[in-house]
Amino acid sequence: YTIACDIEGIGLTDTDENVNTCFFSAIINENNNTVQLLLTLKVLDINYQNNDQKTALHLAIEHKNIDALDYLFTRANINVNLKDKNGYTPLELAEYLVSEYPDDIDYANILDKLNDLIRS
């Protein structure tokens, strides 16, 4: 944990101006080794929301981090129904991004992946 968060420059419970944690920073920056490591910590709140009420799932979708989606779904208590400040669940956010950016294959792949993960 210490090494992983030191790499990000913040501690596990430290936050930036948007109340993003080390875990969120790792997802945003696609530091997926850190994502995996932090997910092993029982103290990590997988459903934590930042100032924009975004969860780790929202950020993984927004930042096209498909590997993080897989890792996040290893936690049984992940809540796929939490809404961000715009009223979007992670699935609704993915659907919105696909409609907003129809030529971006990454968002389409994320939507497909998210649908598969939610169904399983």
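The values are calculated or read from the model by the stated rules, or taken from the named source; none is laboratory data. All of these numbers come straight from a predicted model, not from anything done at the bench. Methodologically, a virtual Cβ is constructed for each residue, glycine included, from the backbone with ideal geometry; neighbour enumeration extends over all protein chains shown.
A few comments on the model shown:
- Candidate set from the stretch 1-31 (those that are buried (at least 17 other Cβ atoms within 10 Å of the Cβ) and not hydrophobic (A, V, I, L, M, F, W, C)); member that is modelled with the lowest pLDDT: Glu8
Matching residues to (1) in contact with a helix residue (DSSP H, G or I) (Cβ under 9 Å, 6 or more places away or on another chain); (2) under 20 Å from Ser120 (Cα atoms):
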{"site": "Gln53", "(1), (2)": "no, no"}
{"site": "Leu57", "(1), (2)": "yes, yes"}
{"site": "Ile66", "(1), (2)": "yes, yes"}
{"site": "Leu72", "(1), (2)": "yes, yes"}
{"site": "Ile78", "(1), (2)": "yes, yes"}
{"site": "Leu82", "(1), (2)": "yes, yes"}
{"site": "Tyr88", "(1), (2)": "yes, no"}
{"site": "Glu92", "(1), (2)": "no, yes"}
{"site": "Glu95", "(1), (2)": "yes, yes"}
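- Test: residue in the stretch 47-60 that is in a helix (DSSP H, G or I), modelled with pLDDT of 90 or more and in contact with a Lys or Arg (Cβ under 6 Å, 6 or more places away or on another chain): no
- Candidates Asp52, Asp67, Asp84 - the one that is among the charged types (D, E, K, R) and within 18 Å of Leu37 (Cα to Cα): Asp67
- Picking from residues in the stretch 86-120 that are part of a loop (DSSP other than H, G, I, E, B) and of a type outside the set (Asp, Glu), the one that is farthest from Asn51 (Cα to Cα) is Ser120.
- Residue-level analysis places Tyr101 outside the set of residues that are surrounded by 14 or more Cβ atoms within 10 Å (Cβ to Cβ) and either over 21 Å from Val35 (Cα atoms) or not charged (D, E, K, R) (or both).
- Options Ala108, Ala68: the member that is small (Gly, Ala, Ser) and touching a residue at least 12 places away in the same chain (Cβ under 8 Å): Ala68
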